[in-house]
Each structure stands twice: as C-alpha cells, then as structure tokens.
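Visitor: Quick one: structure below, then a few questions.
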Amino acid sequence: MTHMRPLIAGNWKMNGTGAALDEAKALAAALKAEPAAARVALCPPATLIERLARAVEGSAVEVGGQECHAEASGAFTGDVSAAMLADAGAGLVILGHSERRALHGETDADVAAKVEAALAAGLEPVICVGETLQQREAGEAVAVVQAQVAGSLPKSLNGKDFAVAYEPVWAIGTGLTPTVEQIEEVHRAVRAAMVARLGEAGRAAPILYGGSVKPSNAAEILKTPEVGGALVGGASLKAGDFLGIIRAA
Ligand code: PGA
C-alpha cells in the first residue's frame, strides 16, 4: 500500500477546443478556494496544453500530454516530442493508453521508448496497462498486465517520478467497472511486476485505476489497497464531475 499523495489525472482524449478552458479555470478556482488532498492534473489535447497551462497558472492543477514520440525531433509529420510537450507547459505525459495501443499499434517496446523520451525531457510518465474483455474472460488479466509492466517500464525509471495506470480496456468509456476485489487483485499484481522490474524503486510509484471512474464510485475505488489515484476520461471534461472525484480522494 502506498502512502503518498494520490494523483487524480484527467484525460480529455480528443475533446476540447478553446471553449473548454473555462472548465480548467473553474477547476483551478475551486482548488484554490478549497485545496485538494490529492495531486490534480489535466491532460488536454496537445493544441490546448500551452493555453491550459496559462489558464491554470498559479493553481494546483498540473498539466500533461496524452502521448509523445520516442524521438526528440525529426521527420515525423504530425507527431509531437516530449520536449515539445514540456516546452508547452506539460509536466506529465500519459503513455501506452489502450487507445494508442489498439488504434496506433503501439507495442510495449514502443511505450518503453516513449517513457525514455519523456524522462529525458523531464516529464513524469503515466504508463497505462490493462487487459481486454476477452483476455479477462480467458483468465489472463494478471498475466497480461504483468507482461505489459515488464515490457513498458524501462529500468531508467529507477529514481524517477512516474505512475502506472491500470485501465481494463472493457471498463473504459463503458460505464462498467471491475469489483474492488478485482481492482485490488490486479493492482497487487502490477505492484509485484513493478518491483520485479525495478527493485525497491518499484514500490514507490503510485498505481492509478482508470475506467469509468465517476463521482459516485470514486471513494470506494480510491480507498482500495494499492490504488494510488485515478486516471479519468469522460468525467474529467466537466469541472464539477472531476471535482467530485478529486474530493473523494
Ligand atoms: P473513462 O476513460 O473514464 O471515460 O472510462 C478512462 C481513460 O481512458 O483513461
């Protein structure tokens, strides 16, 4: 069980234009009025990072990217490097999200290379793992996430700030969530894989849960042993909903 401050990170995915900055400002103002027990981060689309970082400047809201390229620069049309995210005001970056793995063919080795790039740029990576419904039904959930941890976490994470996020693919955006027993089982397995990979350093980083976290289920999930925070998609788009989750931590 970790004892550090939980991290509640919002993943806006491909949602939000300038008008969405009002939600970020409302969140920042609410956290100024009543500071949160948890660390809070918003990961907007790359186009909004700089504006969002300015909009929440001086508040407790941290800013992150959703993805980065493994190379620092070069002929990679359409891609964004970790240094560019940092330059725009990001302090964190989500890597290996299941949507990237499924829709962009990212492998564990690709994710590990991106983690190295993030660390080189001074970003705190939030590395996602999670099984599909088919894998869970086949009894493979633990083996799948442990293999993803082993393959996606480079040894250079030792001594660095990072988080792992367990996001069952079947729980993302579906309204379905695992039982707290299932969450605890996988989080303990993720922790064991982190320690196997990184030694003692694998004990310190928080393991976030992600997948249909909302104000109504956040408290129960966040008090589960080995849950060190949440990665929140849909419910992070509205400041009120996201605050409901943050206040539960
Ligand atoms: P969700 O997404 O909260 O909308 O289920 C979580 C995620 O994909 O990080």
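The values are calculated or read from the model by the stated rules, or taken from the named source; none is laboratory data. Computed from a prediction, not measured in an experiment: that's the story for all the values here. All Cβ positions, glycine included, derive from the backbone under ideal geometry; neighbour counts span all protein chains shown.
Visitor: Give Val164, Val142 a once-over and let me know the one that is hydrophobic (A, V, I, L, M, F, W, C), within 29 Å of Ala28 (Cα to Cα) and touching a residue at least 12 places away in the same chain (Cβ under 8 Å). Don't jump to the end; show me each part of the working.
Guide: Values: Val142 fails: within 29 Å of Ala28 (Cα to Cα).
On inspection, the qualifying residue turns out to be Val164.
Visitor: Tell me, which helices (runs of 4 or more DSSP H) lie completely within the range 65-155 with 2 or more residues that are within 23 Å of Ala192 (Cβ to Cβ)? Explain how you work it out, then say what you get.
Guide: Working: elements: 82-88, 98-103, 108-120, 133-137, 141-152.
Result: 98-103, 108-120, 133-137, 141-152.
Visitor: A further question on this structure: Please go through the range 32-52 and give me each residue that is assigned to a helix (DSSP H, G or I) and crowded, with 20+ Cβ neighbours inside 10 Å, ordered by number. Let's see the steps before the verdict.
Guide: Looking only at the range 32-52, we keep the residues that are assigned to a helix (DSSP H, G or I), and these are 32-33, 46-52.
Matches in the range 32-52: Leu48, Ile49, Leu52.
Visitor: In the list Ala249, Ala230, Ala193, which residue meets the criterion of being over 15 Å from the mean Cα position of the chain (by Cα), touching a residue at least 40 places away in the same chain (Cβ under 8 Å) and outside any helix (DSSP H, G or I)? Break it down stepwise before answering.
Guide: Details: Ala230 fails: over 15 Å from the mean Cα position of the chain (by Cα); Ala193 fails: outside any helix (DSSP H, G or I).
From the options Ala249, Ala230, Ala193, the qualifying one is Ala249.
Visitor: Looking at (1) within 12 Å of the ligand (Cβ to nearest atom); (2) small (Gly, Ala, Ser); (3) out of contact with any Pro (no Cβ under 6 Å at 6 or more places or on another chain), which is the only condition Gly202 fails?
Guide: Gly202 satisfies all of (1) within 12 Å of the ligand (Cβ to nearest atom); (2) small (Gly, Ala, Ser); (3) out of contact with any Pro (no Cβ under 6 Å at 6 or more places or on another chain) except (1).
Visitor: While we're here: Can you find a residue in the range 104-116 that is within 15 Å of the chain's Cα centre (by Cα), surrounded by 18 or more Cβ atoms within 10 Å (Cβ to Cβ) and within 16 Å of the ligand (Cβ to nearest atom)?
Guide: Yes, the range 104-116 contains a residue that is within 15 Å of the chain's Cα centre (by Cα), surrounded by 18 or more Cβ atoms within 10 Å (Cβ to Cβ) and within 16 Å of the ligand (Cβ to nearest atom).
Visitor: Which of the numbered conditions does Ala196 fail, given that it passes all the others? Conditions: (1) modelled with pLDDT of 95 or more; (2) exposed (fewer than 15 other Cβ atoms within 10 Å of the Cβ); (3) within 16 Å of the ligand (Cβ to nearest atom); (4) not acidic (Asp, Glu).
Guide: (3)
Visitor: Among the residues of the range 204-224, is any modelled with pLDDT under 95 and surrounded by fewer than 19 Cβ atoms within 10 Å (Cβ to Cβ)?
Guide: Residues of the range 204-224 that are modelled with pLDDT under 95, as a first pass: 204.
Retained after the next criterion (residues that are surrounded by fewer than 19 Cβ atoms within 10 Å (Cβ to Cβ)): 204.
Looking through the range 204-224, at least one residue is modelled with pLDDT under 95 and surrounded by fewer than 19 Cβ atoms within 10 Å (Cβ to Cβ).
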